[in-house]
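Input: a single structure, listed below in structure tokens.
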Amino acid sequence: MRRVKVTIAYDGTAFHGWQVQPGLPTIQGAIEEILSGMEGTPVHVAGSGRTDAGVHAIAQVAAFTIANPIPLPNLRRAVNRLLPPAIRVLSAEETGMEFHPRFHARAKTYEYRITRREVCDPFEWPYVHHYPYPLDEERMVELAGAFVGEHDFSAYAAFDERDAEAQSKVRTVFSSVLERPKDRLIYRVRGSGFLKHMVRNLVGTLIEAGKGHIADRQALPEKCGPTAPAKGLFLVSVEY
């Protein structure tokens, strides 16, 4: 048996997120179907995290165990030939049998993109949140820094079935930066891990600050803002 670690990029527009859902197109489901066909038996593909419906990935990390002796470059090419064009395996390497992409991850980085143009380019539309309305961007930059550190992010998490496991909602944010390149706002956050909808709720809270609705911008607000649309969010990297 071989444990294979892969890095995957995908356009999440047409998919209902990473995790397999009966009767719905998902990233995990598409990859598992192909690998199971090649292996002749069900293959489980574990991901570093479960991106939501409509969320994209520049470098998602996943792993699976197979007996097939096919060389890894050939495996990558074969899987990519069968995958829809919106999903691509960028790299594949053998790793230890104990490797788990979620449990062994030390940090993840997400990026959220907001266009400030009055008119959004139709070719940009699927990958940004279009927000042309007035915002005090200095307030947003200031609040972004308040997210750094170890916090209980319960107020920033959507319901997750794993809540039943009584898992802690405490997470550590290593860096949280909002920048303004040209006509965009780019929010990049790196942390030990993220809860369901957490990054999108952080972005929604930044927008609330920009609208002047958050007075104290030196601390994590007790209540988050509206959840930002999924299409502006990208999983950028996973560190081990």
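Per Stokes-Einstein, at 37 °C and 0.692 mPa s, what whole-number D in µm² s⁻¹ belongs to the range 44-89, with the Kirkwood radius over Cα pairs as the hydrodynamic radius? Walk me through the intermediate numbers first.
Working: Rh = 12.3 Å.
Once the numbers are plugged in, D ends up at 268 µm²/s.
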query = By how many degrees, between 0 and 90 and to the nearest 10, does the Cα long axis of helix 137-146 differ from the longest principal axis of the chain?
reply = 60
note = So the compactness index of the chain, its C-alpha Rg divided by 2.2 N^0.38 Å, takes the value 1.07
query = Going down the list K196/K231; K196/K223; K108/K196; K5/K231, which pairs span over 19 Å between their C-alpha atoms?
reply = K5/K231
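What does the net charge come to around E142 if you take all other residues with beta carbon closer than 12 Å to its beta carbon, with K and R at +1 and D and E at -1? Don't skip to the end; give the middle numbers.
On the way: positive: R139, R217; negative: D136, E137, E138, D216.
Charge balance near E142 sits at -2.
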message = Can you divide the C-alpha Rg of the range 123-240 by 2.2 N^0.38 Å and report the result to two decimal places?
response = 1.05
query = Where the centre of each part is set by its Cα atoms, how far does the range 5-56 sit from the range 98-166, in angstrom?
reply = 22
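Let me have the 222 nm mean residue ellipticity of the chain computed from DSSP H runs of 4+ only, each contributing -39500 (n - 2.57), with the sum over all residues rounded to the nearest 500.
Numbers: 4 runs with 47 residues, N = 240.
For the chain, the value works out to -6000 deg cm²/dmol.
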task = Would you be so kind as to identify which of L233, A57, G96 lies farthest towards the positive end of the dipole of the chain, taking Lys and Arg as +1 and Asp and Glu as -1 on Cβ and the Cα centre as origin?
result = G96
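In Å², and per residue, what accessible area does the range 1-139 have when probed at 1.4 Å with the other protein chains present? Working shown, then result.
On the way: 6890 Å² over 139 residues.
Computed with neighbouring chains in place, this is 50 Å² per residue.
What's the carbon and sulfur percent of the range 45-191's accessible surface, probe 1.4 angstrom, rounded to a whole number?
Working: 4100 of 7590 Å².
Carbon plus sulfur share of accessible area: 54 percent.
Below 8 Å, C-alpha to C-alpha, sequence gap of six or more: please give me the relative contact order for the range 72-206 in percent.
Working: 169 pairs, mean separation 36.0, N = 135.
Answer for the range 72-206 is 27 percent.
The values are calculated or read from the model by the stated rules, or taken from the named source; none is laboratory data. Everything numeric here is computed off the predicted structure, so don't read it as measured data. All Cβ positions, even for glycine, are placed from backbone atoms using ideal geometry, and neighbour counts span all protein chains on display. Heavy atoms of the whole protein, side chains included, go into the accessibility calculation; ligands, DNA and RNA do not. Shrake-Rupley method; radii C 1.70, N 1.55, O 1.52, S 1.80 Å.
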